[in-house]
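What follows is calculated from the coordinates using simple rules that are stated; it is not laboratory data. It should be emphasised that the depicted structure is a prediction, and the values quoted were computed from it without experimental measurement. With ideal geometry, Cβ positions are generated from the backbone for all residues, glycine too; neighbour counts draw on all protein chains shown.
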Amino acid sequence: MKNLFIAFLAFLFSFNSLNAQTEVDSTSKYFPKAKDFGVTLNVSGLINSITVSPNQDLLNSNSLLLRYKQSEKLTYRLGLAPNVYRYNEQSTDSIGKDLVEFDSTASRSMMSFRPGVEFHIRGTKRLDPYVAVDAEFGVIGKNNIGSTSNVTDTTGTSRVVRTITEDGGFTLGARASFGMNYFFAEKLFFGVEYGLGVTNIVTGGDRQEVVQFEPVTGSNTIDRDLSSTRTSNLNFYVDPRVQITFGYFF
């Protein structure tokens, strides 16, 4: 990543030296026009193995980063990170003459929004520096876990059903950053961005575990366990590395 960043800066400055005398112009054919929309991706890897990947939110979920150019100096942007997780496991085994069947599931959903604004400052014909401010807020859904275990023998089938429900939470954050985009073709750019911010992630709350026993003979029984745990993580951070981006305006 360090080699990629150095090479990219060298690339920028070599072109910048050729265009330094030409200040940014709203009629430049390289820059997006007012009312244009853009999509931005992150770039990672070394020179010989460059890959692009989505932006990430406070919970490290992949997000789609959209840009909207309002004017020559003002660009709005929005990160969207929907995330639905579902896990299922099924197994069949035997213990002696007994048949054991197990089925478990786990699911949780999350959604975050990251609105922001970029204030663009004077650059060159191809180089477009800016200062950006972003906010982020997200919702973490409940964690639902369930399992069913069936044991079948010559007398019939007994069953144990376990259900766990845990409250979700929310995220709040804000970030200030400085960046620059280099337009190597019309509306097509590489960029760098570096910043600092503050995040607060609150998770947990009420937890309920219910275990239902269904024997072959006799009455069913239910055990219910209620508890509550909540965690809050407040973090002030500086980006560990420069983010390298790639994007296009339509």
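Overview of values
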{"item": "Inter-label distance for Q90 and Q208, nm, one decimal - labels placed 7 Å from Cα along Cα-to-Cβ", "result": "2.8 nm"}
{"item": "Fully extended contour minus Cα-Cα distance, from R122 to D103, at 0.36 nm per residue", "result": "0.8 nm"}
{"item": "5 Å binning of all Cα-Cα separations within the chain, expressed as whole percents from 0 upward", "result": "1, 5, 10, 13, 12, 11, 9, 7, 6, 6, 5, 5, 4, 3, 2, 1, 0, 0, 0"}
{"item": "Sequence-separation-based contact order of the chain, relative, with Cα cut under 8 Å and 6+ spacing, percent", "result": "18 percent"}
{"item": "Alpha-carbon centroid distance for the pair the stretch 85-106 / the stretch 55-80, whole angstrom", "result": "43 Å"}
{"item": "Restraint check, K97/K142; K35/K142; K35/K125, Cα-Cα greater than 28 Å", "result": "K97/K142; K35/K142"}
{"item": "FRET E, pair V238, S44, Förster distance 22 Å, beta-carbon r, rounded to 0.05", "result": "0.70"}
